[in-house]
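Report on the following structure.
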Amino acid sequence: MAPQRNTGAGAEPELPEYAGHYRLESCLGSGGMGVVHLARSTSGMRLAVKVVHAEFARDPEFRGRFRQEVAAARRVSGAFTAPVVDADPEAARPWMATLFIPGPTLSDHVKRKGPMPTEQLRRLMAGLAEALRDIHRVGVVHRDLKPSNVLLAEDGPKVIDFGISRPKDSELRTETGKLIGTPPFMAPEQFRRPREVGPAADIFALGSVMVHAATGRGPFDSDSPYVVAYQVVHDEPDLTGVPEGLAPLVRRCLAKEPEDRPTPDELMRELRSVAASYDTQAFIPAQRTGAEQRAGEDRAPAEAGAEAGEGEGAEAGGASAGAGRSDGAGRRTGRGPGRRRVVALTAGSLGLALLGALVSVWASGGNDQSPTRKGEPTLTAASGSAWTARPAVGGEGMPHCAYGAGKVFCARPGVVFALSASDGALLWRRSVDTRSTSGPPVLSGGLVQPYTDGGSRLAGLDPATGRQVWQRRLPAGTTVRYAGDTALLASADGRVTGVDGANGATRWRSAVPGQGMPALDAFPGASTAFATRTSADGTSTRVTAVDPGTGRVRWDVRLGGWLKPFAAQDGSVFFLAVDSAYGATEIVRYSPGTGATRRVALPAVLDGAHATVRGNVVYVLATGGSLDAVDLESGRSGKHLWHLETSVSRGSAPVVRRGRVYLTASDGRLLAVDAGNGRLVGQTPARLGANSAEVMSTPPAPVPVDTRVLAAAPDGTVFTVDSGNPSAW
């Protein structure tokens, strides 16, 4: 490849071909300190590689600052930043490689589409507060949070560019007389006492970022940075145009004194209250008679599908054909007359809680089978009826649960436990060394297997006792999905290993042809795993079907658009197609037996979409609470059956069972919707918990258990309700 060339004032005539052993493919952007390139690792993983300008590479002070940037980025690398893959701050041209995150910056998003709507702003603020919490927890202050340093990724905002961040224990100090930062987003103390800047400065910047997202300008605006600096220190912020529900919180962030600003945890707690403030009880209908309930179930088109075909799980990010049009005022209107934009932050992941998503880093721990000790679960149940359990077994957050072998298996950060399906009694528990939980335990090979991507161990537990049967160490960066009795381990080198769920032994190991480092998906009731890889320009997706037992490729196809699978049913695979802003635009069904592809446009561009299918009907829940039912077989363009605004700001994957659609809200409510007509037929009270301070991005999905539905809540409650009488919940 010939050396890349750059143009423009101050540009370097030739850019390097390699950074370390990473070949630089194209320029993503250029800033004052360096150029960011798109590159690929030897396994095909896309990277963003920042290469320092040659003139700064000769500056010892800048090299020290770049070393600090690398150290800070590595320190905070996680869910809310671009993970550092490699770096060499001592190279002739210092460089740092991070995972490439597709998505626009907040600055570009506002330029293209204008100010964000209220609900989208709330989710942005919650995501940034959560990001700052994790950044500050590791002792780092960013000091340059601004719209161009916020990426709107499919699973939430990502904070990037730690070029002037400072760990609290850093040896590098700000020189007297030097201001470092971007004036419209700097806190007063950055002008008055730059050597004393702490985490509260990032909260001030968050407030300024929110004003920009809400209005397209900053709270202190001037063409002169000196005037802006004066306004930041002395004047009150201009919050004109900021939604009144968020303005008081934004004003607190912009307090002149650091101690008057909220912490990230306080912000999340306040935002959770805003999310839970919708009065939804008025939507609960009067209790119907048994005859009316049966009539409603008979009308449900979902009953045409097989029980085993309930597919869950969609995950997306990137561009596809069919992006929306503009109405002339900077708002996108969809692709045809009457199409509305359902507003919601692209931070909402399109990823659903797959059955193959597993629990946390596994470590050996205590196995306590005595449910009668002090501090164990409190129960509200009669044997065989609906029950409520509050398992005091450690861990925080909403439990993720699955049903199998006559038991309920749940995981929270720090613990895995089993409950009796009949009355919720604690059967056993086991400690795990983890701070996060991504999904429910999985039954594979007759054993319970808790796991989270990125963990160091995989293990199989006896479902009756919780005793560890086998354990297997995993290389760093391994992701795991389950298909039947096989665990599929995708490693950083691009190879996939099939592991026997019954004993942990390797069944096969190979690369998936044409997939590089594949994204793997598997769905309940399907005997096939699916590897997907989207082209760099987002115009097509390669889908490879793999036999999980042998690793053999069953079929391979390239389909148009940026597609993410969410279900497999009756020999077909279902996808959501997304646009460049990660909004779902189409439902796509591919039938490998005939090679036929069916595309049906959604009634609106849906952000943060979760989907499931039953028979010919796909049910899609978007961030913001819109729930739509679309019949894929009615006419050439399908048929939009119904639409419901559920008032759920962030919801789980929908689950369809016996003529009803069930979903869990982030405040712990369980909702039931008539699958035939889209009417809300019942919901449980919210169960937030006194110590909950997080806004859940994707709550765990409900779980059908015989004639009941099981759900979990932020207060740690696991409960079941009678599926036959939702109006009495």
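Out of all the residues in region 611-625, which are outside any loop (DSSP other than H, G, I, E, B) and closer than 14 Å to Val588 by Cα?
The answer is Ala611, Thr612, Val613, Val617, Val618, Tyr619, Val620.
As an exercise: evaluate Asp547 against (1) in contact with a Phe, Trp or Tyr (Cβ under 8 Å, 6 or more places away or on another chain); (2) at pLDDT 95 or above; (3) open to solvent by less than 30 Å² (accessible area, probe 1.4 Å) and give the number of the one condition it does not meet.
With (1) in contact with a Phe, Trp or Tyr (Cβ under 8 Å, 6 or more places away or on another chain); (2) at pLDDT 95 or above; (3) open to solvent by less than 30 Å² (accessible area, probe 1.4 Å) applied to Asp547, the lone miss is (1).
Can you say whether Asp674 is closer than 22 Å to Thr118 by Cβ, over 17 Å from the mean Cα position of the chain (by Cα), acidic (Asp, Glu) and buried (at least 19 other Cβ atoms within 10 Å of the Cβ), as far as the supplied structure shows?
No, not satisfied.
Among (1) under 18 Å from the mean Cα position of the chain (by Cα); (2) modelled with pLDDT of 90 or more, which single condition is His109 missing?
The one condition His109 does not meet is (1).
Quick check, is Leu688 part of a loop (DSSP other than H, G, I, E, B), among the aliphatic types (A, V, I, L, M) and farther than 25 Å from Asp706 by Cβ?
yes
I need a count of the residues in region 177-213 that are modelled with pLDDT of 90 or more and either open to solvent by less than 10 Å² (accessible area, probe 1.4 Å) or assigned to a loop (DSSP other than H, G, I, E, B) (or both).
Of the residues in that region, 16 qualify.
Return the total of residues in region 68-89 being of a type outside the set (Gly, Ala, Ser) and free of Cβ contacts under 8 Å to residues at least 24 places away in the same chain. Even if it seems obvious, please write down each step before you answer.
Residues of region 68-89 that are of a type outside the set (Gly, Ala, Ser), as a first pass: 68-70, 74-76, 80-81, 83-86, 88-89.
Retained after the next criterion (residues that are free of Cβ contacts under 8 Å to residues at least 24 places away in the same chain): 74, 83-84.
The qualifying residues number 3.
Run Thr698 past the list (1) free of Cβ contacts under 8 Å to residues at least 40 places away in the same chain; (2) within 26 Å of Val600 (Cβ to Cβ); (3) open to solvent by 10 Å² or more (accessible area, probe 1.4 Å) and report the number of the one that doesn't hold.
Every condition holds for Thr698 apart from (1).
I need the full set of residues from region 23-52 which are surrounded by fewer than 20 Cβ atoms within 10 Å (Cβ to Cβ) and farther than 19 Å from Thr105 by Cα, in order please.
The answer is Arg23, Glu25, Arg40, Thr42, Ser43, Gly44, Met45.
Would you mind finding the one in Ala92, Ala73, Ala82, Ala87 that is aliphatic (A, V, I, L, M), more than 30 Å from Ser647 (Cβ to Cβ) and out of contact with any strand residue (DSSP E or B) (no Cβ under 8 Å at 6 or more places or on another chain)?
Ala92
Suppose the filter is open to solvent by less than 20 Å² (accessible area, probe 1.4 Å) and part of a strand (DSSP E or B); does Gly668 pass it?
So Gly668 does not fit the description; no.
How many of the residues making up region 487-506 are part of a strand (DSSP E or B) and within 29 Å of Arg40 (Cβ to Cβ)?
10
So, in region 564-621, of the ones that are of a type in the set (Asp, Glu) and more than 26 Å from Ser527 (Cβ to Cβ), which residue ends up most open to solvent (accessible area, probe 1.4 Å)?
Among those that are of a type in the set (Asp, Glu) and more than 26 Å from Ser527 (Cβ to Cβ), it is Glu586.
Considering only helices (runs of 4 or more DSSP H) fully contained in region 53-169, which possess at least 3 residues that are open to solvent by less than 10 Å² (accessible area, probe 1.4 Å)?
Of the helices (runs of 4 or more DSSP H) lying wholly inside region 53-169, those with at least 3 residues that are open to solvent by less than 10 Å² (accessible area, probe 1.4 Å) span 60-76, 118-137.
I need every pair where a residue in region 435-457 that is among the basic types (Lys, Arg) has its Cβ under 9 Å from the Cβ of a residue that is modelled with pLDDT of 75 or more and not in a loop (DSSP other than H, G, I, E, B), sequence separation at least 6 or different chains.
Close Cβ pairs satisfying both conditions: Arg457/Gln471; Arg457/Arg472; Arg457/Arg473.
Of all residues being open to solvent by less than 10 Å² (accessible area, probe 1.4 Å) and over 11 Å from Leu621 (Cα atoms) in region 633-659, which is nearest to the chain's Cα centre (by Cα)? Just the residue, please.
Val656
Answer with yes or no whether Ala255 is under 25 Å from His136 (Cβ atoms) and either within 28 Å of the chain's Cα centre (by Cα) or not small (Gly, Ala, Ser) (or both).
For Ala255, the condition - under 25 Å from His136 (Cβ atoms) and either within 28 Å of the chain's Cα centre (by Cα) or not small (Gly, Ala, Ser) (or both) - is not met.
Report, by residue number, each residue of region 517-544 that is touching a residue at least 40 places away in the same chain (Cβ under 8 Å) and either part of a loop (DSSP other than H, G, I, E, B) or hydroxyl-bearing (Ser, Thr, Tyr) (or both).
Met517, Phe523, Pro524, Gly525, Ala526, Ser527, Thr528, Thr534, Ala536, Asp537, Gly538, Thr539
Among the numbered criteria (1) in contact with an Asp or Glu (Cβ under 7 Å, 6 or more places away or on another chain); (2) farther than 30 Å from Gln471 by Cβ, which one does Gln569 miss?
Going through (1) in contact with an Asp or Glu (Cβ under 7 Å, 6 or more places away or on another chain); (2) farther than 30 Å from Gln471 by Cβ one by one, Gln569 breaks only (1).
Within 16 Å of the chain's Cα centre (by Cα), closer than 22 Å to Gly625 by Cβ and of a type outside the set (Gly, Ala, Ser): is that true of Leu151 in this structure?
So Leu151 fails the test.
If you take the residues of region 20-52 that are hydrophobic (A, V, I, L, M, F, W, C) and modelled with pLDDT under 85, which of them is nearest to Ala91 (Cα to Cα)?
Met33
Taking into account only those residues within region 364-422 that are of a type in the set (S, T, N, Q) and at pLDDT below 75, which is most open to solvent (accessible area, probe 1.4 Å)?
Going through the qualifying residues, I end up with Thr372.
The values are calculated or read from the model by the stated rules, or taken from the named source; none is laboratory data. Please read these numbers as outputs of a predicted model, since none were measured by experiment. A quick note on method: Cβ atoms are made from the backbone with ideal geometry, for glycine too, and the neighbour counts reach across all protein chains shown. What goes into the accessible areas is simple: the full protein's heavy atoms, side chains included, and nothing from ligands, DNA or RNA. Shrake-Rupley method; radii C 1.70, N 1.55, O 1.52, S 1.80 Å.
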